[in-house]
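Chemist: Dropping a structure here in structure tokens format, bear with me for questions.
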Amino acid sequence: MISLGQDFRFALRKLQRSPVFTLVAILTLALGIGSTTAIFSIVDGVLLKPLPYRDSGRLVVVWERARLIEKVFPYSGPNPRHAAIWQQQNKAFSELTILQQGTAGVALGTDHPTYVGRLIAQPNLLPMLGVQPALGRNFVAADATKSETTVVLITWHLWQTLFNADPNVIGRTLRISGSPSQVIGVLPRDFYFPKSNELSSTAVAGLRPDAEIITPLFLDLAHNFGWNSDYGNYDVLGRLNPGYTVATAQAELDGVSNDIVRQFPPGELDGPPAGELSTYVQPLKEVVVGKTSSSLWLLFAAVVSVLFIACINLANAQLARFIARDREAALRSALGASAWELVRSSLAEVFLLCAAGGALGVLIANETVDSVVAFVRLAIPRTASVSVDGRVLALAIALTFCATLFFGALPALRFSRIAPQQALQGAGRAAGSRSGNLLRRWLIGAQVFACTTLLLVTALFARSLNHLLTADKGFASEHIVVASVGLQGASFVADPERARFDDAALERLHQLPGVQSATMVSALLLQGQSWIDGVSRPDRPAKTTPLANYRWISPDYFATLEQRIIEGRPLDAHDRDLKNAVISEATAKSVWPEGNALGRQFTRNGVLFTVVGVVADTRSNSLREAPVSTVYLPYGDNPPYRAFFLVRSTQDTASLAGSVQKAIWSASPDATIASVRSLDSQVADSLAPERIDTLLLAAFGTAAFLLALLGIYGTLSYSVESRTREIGIRMALGATRERVYGVIFNETVPPVLFGLVFGYGASIIIGRTLRALLFESSAIDLSVAVSVIAVFLLAVGAATFLPCRRAASINPVDALKAE
């Protein structure tokens, strides 16, 4: 221990004599370890930590595969009738529960409603999760019956904000969508339930409100649900019994599904019963985080690559320092120091650098992780569970230890091979330089490999994002404000009251200064497919009815979004009481492949509609997917419980938001305004995963690029300095400046080419693995590869030029005099 203390004191004195190197090394390690720790804290909180429920590994989501909609949704939330039969006939699950996620407006007194997430669930949900209310009680079976009095559980956050943490909150009344509900319990402070877009078979980017209220689910199976419809509106969670796996549970439910098909009433099936229904059982954690796992591991690999390149640079720098100290090591060896003592003394210096860099890195990670989480929360679930905890600190310690070994061990091991007599006579420097230069050249190749791989993968993602941003959407998003409004409760149930609100709101919006047009639609753009229904030709009944997304719109919808009418006309005010429709190109081609859809008729739920117009296809459901079949009907035909007002104006969208909100509330103060924002921001949020992945990869790639160039420059600069005598002799014997340029430049070419070739190969493998994350981009994109490699070669050439120029400027006489 005394000797170890002496080693650390000696190492500290050495570092104090090289303050610039010490500072650069500590900061480089701190940034590398800090960024790696911050990203790992997200990986750990999102992917590695179990869900906060009792025995969460046995919780699963049960999806249903229905042949009727499999071309649109390969699997979806099940029909409630089928789920109820699963509950009665299965043996694989200790519990199954049916739930529905949505939103609602909550208020006390006469306040405007506050927009919150709502969970409507059967009473056994919380016991199945192992969650007990912090105050009050849970639901009982009697709560899930049709009753004039409803009860509600609220979250800790809502209790704090809406009720000011009133300890007597139990029994108080809360208005939910205009209807009174009695508070019976407050959920624990750390209660978490996946948001609607997290617990979904189709991922949709963007923020969703956390579930702040839970109300009991009443299912009227006898009257409200068909046998082969109502898919995708409910979710089913289950807890596997011991001894059952996901596969065995799925096989059992498939048998129950076959029994369900045999119970279908006549006329419910368009084809043979075999294969009409099946199930898909998926672990709950996989549902929540599976869509983001590839991106997160890619980002973690990218930041580790940056740390790897930083360590290589430091290893090169440390190797140069240790070569310069060969004579010192030889003298210590001649005085009796063993090889292990020399290595240990050198490792002590590296350990001090890594310990300081690691400690500073943890501080950086702790201070920046909240900012990183805020940046990625649009695209990544479970961000609330991210923190720099013991597991993350353990990784930071492991990274510090690995960094010590990586950039300290190889240079330090040189001291074990020091020949004291040669070093003291001055003969060992050249040999030492040759072996040291070889090691440094291969370290250059390693960092070029890591940097090239990261840059090429980043370029693939950037190209994919550019394709998404520049692809023709089919609609215009500039200068448009979107107001998302919930219209639930007694004030909007009856058709006359609802129609009066719609007309009043549109009229007030039209009157706002600078407004060019205002319209309504039943579904927010870029939020995926919804309200799927058949488009049946009465003149030609088909075995399989084509499906389409139904959208209810008010006049001026196509003009507001600048969608192109191909045939016929758009819907106008006269169509309000008529059964007219506008269809998309894709719908026209699928329903009337022979052409001429204008004036033709189709049926939906037994109602006959006439096509008065055909509109160009749009990517209004998702920018990542091809346009889908869409049918547009007059808004008054079937106004849903949510409305989305679109307002095109010459005003700035940010300044218009407040006026839009006031105009809607002037039509009805009971309307729940979820958000008022520009359509451009909605488009940007829909691409949040791609944008975040690309920006972070670009940041890490830029850092790796600069570190690699710095490493190449530093290595060659030291090589020139250590070979001054050799270059002087070459020039004295007649070597030209061009020949000297070639000697130095040739040190760089083999490792750089090695790194470029293997980096390109690695990027192809990674690109193929992550093909699902790329949009209209191939893993082998020669234009991208050539561009990145060309830029890298130019930068390497620039980094190499200065050391080569310095070598060619050496005066042979001065070089030989120095010896």
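Chemist: Identify the residue in region 350-387 that is assigned to a helix (DSSP H, G or I), open to solvent by 60 Å² or more (accessible area, probe 1.4 Å) and of a type outside the set (A, V, I, L, M) and, among all such residues, is farthest from V288 (Cα to Cα).
Modeler: F351
Chemist: One residue is enough: does region 504-519 have a residue meeting the conditions touching a His at 6+ places or on another chain (Cβ under 6 Å), touching a residue at least 12 places away in the same chain (Cβ under 8 Å) and farther than 30 Å from P689 by Cβ?
Modeler: yes
Chemist: A further question on this structure: For region 55-74, which residues satisfy the criterion of being in a loop (DSSP other than H, G, I, E, B) and at pLDDT 90 or above?
Modeler: The answer is D55, and nothing else.
Chemist: In region 86-109, what residues are open to solvent by 40 Å² or more (accessible area, probe 1.4 Å) and outside any helix (DSSP H, G or I)?
Modeler: K91, S94, E95, Q100, Q101, G109
Chemist: Can I ask one more? Exactly one condition in (1) under 30 Å from I69 (Cα atoms); (2) out of contact with any Asp or Glu (no Cβ under 6 Å at 6 or more places or on another chain); (3) surrounded by fewer than 21 Cβ atoms within 10 Å (Cβ to Cβ) is false for S278; which is it?
Modeler: With respect to (1) under 30 Å from I69 (Cα atoms); (2) out of contact with any Asp or Glu (no Cβ under 6 Å at 6 or more places or on another chain); (3) surrounded by fewer than 21 Cβ atoms within 10 Å (Cβ to Cβ), S278 is out only on (2).
Chemist: Shifting gears a bit: Quick check on my filter: what residues within region 5-41 are among the aromatic types (F, W, Y) and either out of contact with any Phe, Trp or Tyr (no Cβ under 9 Å at 6 or more places or on another chain) or not in a helix (DSSP H, G or I) (or both)?
Modeler: F10, F21
Chemist: P52 versus (1) open to solvent by 10 Å² or more (accessible area, probe 1.4 Å); (2) over 30 Å from L363 (Cβ atoms); (3) part of a loop (DSSP other than H, G, I, E, B): which is the lone unmet condition?
Modeler: (2)
Chemist: Among R508, R537, R500, which is charged (D, E, K, R) and within 28 Å of G232 (Cα to Cα)?
Modeler: R537
Chemist: Which of the numbered conditions does L524 fail, given that it passes all the others? Conditions: (1) in contact with a strand residue (DSSP E or B) (Cβ under 6 Å, 6 or more places away or on another chain); (2) modelled with pLDDT of 90 or more; (3) within 14 Å of L646 (Cα to Cα).
Modeler: Condition (2) is where L524 drops out.
Chemist: If you scan region 638-652, which residues turn out to be in a loop (DSSP other than H, G, I, E, B) and out of contact with any Lys or Arg (no Cβ under 9 Å at 6 or more places or on another chain)?
Modeler: N638, P640, Y641, T650, Q651, D652
Chemist: Inspect all residues belonging to region 577-588 and state whether any of them is among the charged types (D, E, K, R) and either farther than 30 Å from F225 by Cβ or touching a Phe, Trp or Tyr at 6+ places or on another chain (Cβ under 8 Å) (or both).
Modeler: Yes: region 577-588 contains one or more residues that are among the charged types (D, E, K, R) and either farther than 30 Å from F225 by Cβ or touching a Phe, Trp or Tyr at 6+ places or on another chain (Cβ under 8 Å) (or both).
For every residue, the table says whether it meets (1) assigned to a helix (DSSP H, G or I); (2) open to solvent by 40 Å² or more (accessible area, probe 1.4 Å); (3) in contact (Cβ under 8 Å) with a residue 40 or more places away in the chain.
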| residue | (1), (2), (3) |
| --- | --- |
| T603 | no, no, yes |
| L608 | no, yes, yes |
| G613 | no, no, yes |
| D617 | no, yes, yes |
| S620 | no, no, yes |
| L623 | no, no, yes |
| V628 | no, no, yes |
| Y632 | no, no, yes |
| G636 | yes, yes, yes |
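Chemist: Exactly one condition in (1) within 37 Å of the chain's Cα centre (by Cα); (2) closer than 30 Å to P496 by Cβ is not met by V628; state its number.
Modeler: Tallying (1) within 37 Å of the chain's Cα centre (by Cα); (2) closer than 30 Å to P496 by Cβ, V628 fails exactly one: (2).
Chemist: Of the residues that sit in region 55-85 and are under 23 Å from T545 (Cα atoms) and of a type in the set (D, E, K, R), which one is most open to solvent (accessible area, probe 1.4 Å)?
Modeler: Looking at residues that are under 23 Å from T545 (Cα atoms) and of a type in the set (D, E, K, R), I get K71.
Chemist: Only one of S655, S675 is in contact with a strand residue (DSSP E or B) (Cβ under 6 Å, 6 or more places away or on another chain), surrounded by fewer than 18 Cβ atoms within 10 Å (Cβ to Cβ) and not in a loop (DSSP other than H, G, I, E, B); which?
Modeler: Just one listed residue meets the conditions, S675.
Chemist: All but one of (1) at pLDDT below 85; (2) open to solvent by 10 Å² or more (accessible area, probe 1.4 Å); (3) not basic (K, R) hold for A11; state the number of the condition that does not hold.
Modeler: Unmet for A11, out of (1) at pLDDT below 85; (2) open to solvent by 10 Å² or more (accessible area, probe 1.4 Å); (3) not basic (K, R): (2).
Chemist: Quick check on region 697-709. Is at least one of its residues among the polar types (S, T, N, Q), in a helix (DSSP H, G or I), open to solvent by 20 Å² or more (accessible area, probe 1.4 Å) and at pLDDT below 75?
Modeler: no
Chemist: On to the next question. Just for region 388-402: of the residues that are over 19 Å from F308 (Cα atoms) and loosely packed, with under 14 Cβ neighbours inside 10 Å, which one is nearest to the chain's Cα centre (by Cα)?
Modeler: Once the filter is applied, the top-ranked residue is D389.
Chemist: Please list, ordered by first then second residue, the pairs with beta carbon atoms under 8 Å, 6 or more apart or interchain, first in region 262-280 and within 20 Å of W63 (Cα to Cα) and in contact (Cβ under 8 Å) with a residue 12 or more places away in the chain, second of a type in the set (S, T, Y) and open to solvent by 50 Å² or more (accessible area, probe 1.4 Å).
Modeler: Y280/Y75
The values are calculated or read from the model by the stated rules, or taken from the named source; none is laboratory data. Here the structure is a predicted model, which means the values were calculated and not measured. Please note: Cβ atoms are built from the backbone with ideal geometry, for glycine as well, and neighbour counts cover all protein chains shown. Heads up: the accessible areas ignore ligands, DNA and RNA and are worked out on the full protein's heavy atoms, side chains in. Shrake-Rupley method; radii C 1.70, N 1.55, O 1.52, S 1.80 Å.
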